[in-house]
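Report on the structure given below.
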Amino acid sequence: MTSVENKLGNAANFVDERIGAAGWVKKSLNKVFPDHWSFMLGEVCMYSFIILLLSGTFLTFWFDPSQRDVIYQGVYEPLKGLKMSAAYASTLDISFEVRGGLLMRQIHHWAANIFMAAIVAHLLRVFFTGAFRKPREFNWILGILLLTLGFVEGLFGYSLPDDLLSGTGLRITSAIIQAIPVVGTYISFFLFGGAFPGVGFIPRIFTLHVLLIPGAFLAVITIHVMLVWYQKHTQFPGVGRTEKNVVGHPILPVYMAKAGGFFFVVFGVIAFLSAVASINPIWLYGPYTPGQISAGSQPDWYMGWLDGLVRMAPPLETHAFGHTISWNILIPALIVPGIVFTGMALYPFIESWITGDKREHHLLDRPRNVPNRTALGVMSVTFVMVALINGGNDILATNFALSINQIMWFSRIGIFVLPPLAFVITKRLCLSLQRADRDLLLHGTETGRLLRLPHGEFVEVHAPISAEKAFILQSHEQSAALEIDDVDSRGVRRPGSIKNKLQRRLSKAHAVAVPKVTEQELKEIEHH
Amino acid sequence: MSNELIPSDNSAIPVHAPRATDINPKAEKRAEQQVAILFALSGIGSLLLIYSYIYVANDVFIFIPIMGDQNAQQLGIGIGMAMSLFFLGIAAIHWAKTLMSDKEVVNHRHEFRSSDSDREEFVKTVKEGVAGVELGRRKLIKRSLGAALALFALPPVLLLRDLGPLPKKQLETTNWKAGTRLVTDPGNRPILASDLEVGAVVQVLPAVEHPDERALSDIAKDPVLLIRLRPEDFQLTPQKFAMTHDGIIAFSKICSHMGCAVALYEQQTKHLLCPCHQSTFDVTRGAKVIFGPAARPLPQLDITVDAQGYLVARAAFNEPVGPSFWERNSQ
């Protein structure tokens, strides 16, 4: 035994005799992690969160979250002598007078954008592969919660510098709060500490941004990751992979080295982006004053779709009994997002209700093999994309010499027409891909070699595909639609017939598939 | 083609194909050197960061093609940090991929459902625990507990009451009163009606005693846009036309949709556009909404001139400015 091993052994012994850790650590170190590039999307989320914590802590050392007026006396000439909030002035100081301060601001902002992008990509991966199915519904809901927290945290974060752009965002935020019937005006006055922009909002969202919400994030992320650990990771179908096992690399050393290395890669890429690509140059916007605005005011990318929905809303207000209800704000800013997020959170249960499938699933679906779900996903993405495009309608109009009114009308009509269209097209594409899989199994892959037969006919030679690939193409299960009768065995009409009918119809639509290759068909083709 | 195309026995993992580094000692040596070089690059990055931090002044700019002039200190710190992190990560991954074992192993899953006996035990324990409380039998405790809990919920809400003042009439009123002079923003100068030429656009605020001490909450509702057109360009009701002065019309600059500053004026079409959500208002028709999500025209300020010829408000706004709110009486 070397002396290093001796020392390590002593340390381990010290710990184990006090908390008996060897048992569960041994178990944990035997954990196996399946390999697939898409499994690193969740890792990107976690790593960018850690980067946010580190860079954010650095920024708090100099940032002054106060709306008190100061006269700027720093090194940035164009703003010298101007009245501004201490929050804005200290952000300028971080950018110009703290060495590496601008870099940290950029890292913090880039990491936030990448954090949200990685959450969305991770969510899409989990959705399209069916990883949210039993037993992972809790983790799906926690994921939706993290996404929602991300929106709020991001909005608060980019509002803190109190520049002209972020102040405009807060103006819109206050208008959304004011639009809530009955209590909106009061909530707005309490949150802002008076009439907009008030005196209290920046210090208050600072506390929420650096303490309360990161605390919630930490708690939820911990549970999220612990559940992945406890329930073990899902895996893609393949030879040797079943619902009862998990095949991959052990945590020590390969997974640890790869995941640990990947953290530094993510951090390095974000640092590089921050060094060469400037975002949110607040010194160009100037301090916030409600009487001014810059053209092309845009929120961060993940807020764009909400802004786009608000932009395309029809000018609807109800005036009655001395009160005003702003449907043009309530519907796009509160009601539609509420439906979208609730629907997302409930989806695992909705799908299990449609399919009647209450079993555990650890093998992932290939998206084509579940056409209905895949089509629904693409439909939702299309909805968000149309809204996002409209959120940038002013930028699109000026850059491509288009009419802003036409883009708006395109979006107003497109938001209703394009998502269903995307559903239909995607479903058909999925079925076509299933058909292609079937052809591949039956006839093999095209080789590009042409053969001339004795009687003059040309044919292309097909080569059989590998056994591993054949297994993957054939391993999914196809379940029949649910059969729900309107009457029970005694001929009595069941309660809830509308619900039954809906379930039957959805189940039928969900079960549409190109039949898998049967043994019989394989035998027949062998004889040719 | 035979049945073995689709392996029915899927417990067999495909045979592990050895990597070059597993069989060729030269390749192994090379991979080792590559990892060492990557670690060295990371070290160089750290040194670059330290050098830029200490020795590069923060007012030195260097020209980088495509990026233009860049602050040398910020760029050095940034690139150094990126290198030190990135190559550290790449080195670890390269090490893992080429030199550490790439044999996959199999773990078995267990069903998450607890055993039936555990579940029964659990139900029994809970039932016994609940029964021990005897809430069903002790009606008095049950009711007083309910009442206490209901009251208990109120203080946390009440404690937040002092976050801000009550709205009162703050959203309904502005600092414009009959006789208030219009002053330029910025500049704080009163405006002679005769100084405005046709086509001119000026942002104004109500004259106050200490213009430097204007609260932001006043600037959030007081700004007004003055626009001078030819009187014959207007298509206004007589009532609204009477609120103009010699072709000069005054609108609240605060958007009736979400309160952004309606700052974009198009001379040709005489349209005002809000940059936030593209609500478009036609100045000639009393800032009527002709496009976008805003539901109401911009409130118009009644203006005239005082004895010296300076523009003044003839009356306060006759409706609340800015975005809608529940208490707004729009009748």
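The numbers here are math on the coordinates, done by the rules we state, and not lab data. What you see is a predicted model, and the numbers here were worked out from it, not measured in a lab. Cβ coordinates were reconstructed from backbone atoms using ideal geometry, including for glycine residues, and neighbour counts include every protein chain displayed.
Okay, here's what the table says:
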| read-out | value |
| --- | --- |
| Segment B:20-98, relative contact order [Cα under 8 Å, separation at least 6], % | 39 |
| Rounded to 10°, Cα long-axis angle of helix A:213-231 versus longest principal axis of chain A | 10 |
| Relative exposure of A:H36, A:H109, judged by other C-beta atoms within 10 Å (fewest first) | A:H36, A:H109 |
| Rg/Rg_globular for segment A:246-287, with Rg_globular taken as 2.2 N^0.38 Å and Rg from C-alpha atoms | 1.97 |
| Inter-chain shielding of B:211-219 (mean C-beta neighbours from other protein chains, 10 Å cut-off) | 5 |
| Amide H partners (placed H, <5 Å) of B:V305, local residues excluded | B:V312 |
| Rounded FRET efficiency, nearest 0.05, which uses the C-beta distance separating A:S432 from A:K358 and R0 of 45 Å | 0.90 |
| Cα-Cα pairs of segment A:488-528 separated by more than 16 Å (percent) | 63 |
| Hydrodynamic radius by Kirkwood, which averages 1/r over all alpha carbon pairs of segment A:370-528, in angstrom | 20.5 |
| Volume in Å³ per residue [convex hull over Cα atoms, computed for segment B:182-313] | 104 |
| Rounded tilt (10° steps) of B:25-55 against the dominant C-alpha axis of chain B | 30 |
| Long-range tail of P(r) for the protein assembly as shown (Cα pairs > 40 Å, %) | 54 |
| ³J(HN,Hα), Karplus 6.51/-1.76/1.60, whole Hz, each residue of segment A:77-92, x for Gly, Pro | 3, x, 10, 4, x, 7, 7, 7, 7, 4, 4, 5, 4, 6, 5, 5 |
| Residue order, fewest to most surrounding Cβ atoms within 10 angstrom, among A:S38, B:S52, B:S114 | B:S114, A:S38, B:S52 |
| Burial order of peptide ranges B:223-236, A:130-143, A:65-78 (average beta-carbon count within 10 Å, highest first) | A:130-143, B:223-236, A:65-78 |
| Under the Karplus curve 6.51 cos²θ - 1.76 cosθ + 1.60, θ = phi - 60°, whole-Hz ³J(HN,Hα) for segment B:74-84, x wherever Gly or Pro sits | 4, 5, x, 4, x, 5, x, 5, 4, 5, 5 |
| Projected label distance in nm at B:S330 and B:K97, using a 7 Å step from Cα toward the beta-carbon | 5.9 |
| Globularity ratio of segment B:98-157, using Cα Rg and 2.2 N^0.38 Å | 2.36 |
| Positive-end residue, segment B:20-98 charge dipole about Cα centroid, Cβ charges, pick of B:I77, B:A20, B:I90 | B:A20 |
| Test item: Cα-centred dipole of the protein assembly as shown, Lys/Arg +1 and Asp/Glu -1 on Cβ, debye | 2040 |
| Net lengthening on full extension, B:A178/B:A148 (0.36 nm per residue, minus Cα-Cα) | 5.3 nm |
| Tensor-based shape of chain B (alpha-carbon gyration tensor, a/c under 1.5 rounded, otherwise prolate or oblate) | oblate |
| Distance in nm between pseudo-label sites at A:A320 and A:V417 (7 Å out along the Cβ direction from Cα) | 3.3 |
| 15 Å reach of a label modelled at B:E213, 7 Å along Cα-to-Cβ, counting backbone N of segment A:47-90 | A:69 |
| Backbone HN-Hα couplings from phi across segment A:19-35 [Karplus 6.51/-1.76/1.60, Hz, Gly and Pro as x] | 10, x, 7, 4, x, 7, 5, 4, 4, 5, 5, 7, 3, 10, 10, x, 9 |
| Shielding of B:317-323 by partner chains, average beta-carbon count, 10 Å | 3 |
| Euclidean distance between Cα centres, segment B:93-123 to segment B:176-225, Å | 71 |
| For A:S297, B:S46, order by how many other beta-carbon atoms lie within 10 Å, fewest first | B:S46, A:S297 |
| Shielding by partners - mean other protein chain Cβ count within 10 Å, residues of A:94-107 | 4 |
| Segment B:20-98: radius of gyration and largest Cα-Cα distance (Dmax), Å | 16.9, 55 |
| Per-pair calculated FRET efficiency, R0 = 30 Å: A:V152 and B:M67 via Cβ, rounded to 0.05 | 0.30 |
| Alpha carbon centroid spacing (whole Å) that separates segment A:27-80 from segment A:125-204 | 18 |
| Simple label model, 7 Å out from Cα along Cβ direction - B:A242 to B:L264, nm | 3.6 |
| Relative contact order for chain A, counting Cα pairs under 8 Å that sit 6 or more residues apart, in percent | 16 |
| Cβ charges +1 (Lys, Arg) and -1 (Asp, Glu), total dipole of segment A:287-389, debye | 260 |
| Per-pair calculated FRET efficiency, R0 = 56 Å: A:L208 and A:N399 via Cβ, rounded to 0.05 | 0.95 |
| Alpha-carbon Debye profile of segment B:53-117, log10 I(q)/I(0) at 0.17, 0.21, 0.23 Å⁻¹ | -0.79, -0.92, -0.98 |
| Amide H contacts under 5 Å for B:I290, placed H, 5+ residues apart | B:T280, B:F281, B:D282 |
| Degrees between helix B:116-133 axis and first principal axis of chain B (Cα, 0 to 90, nearest 10) | 50 |
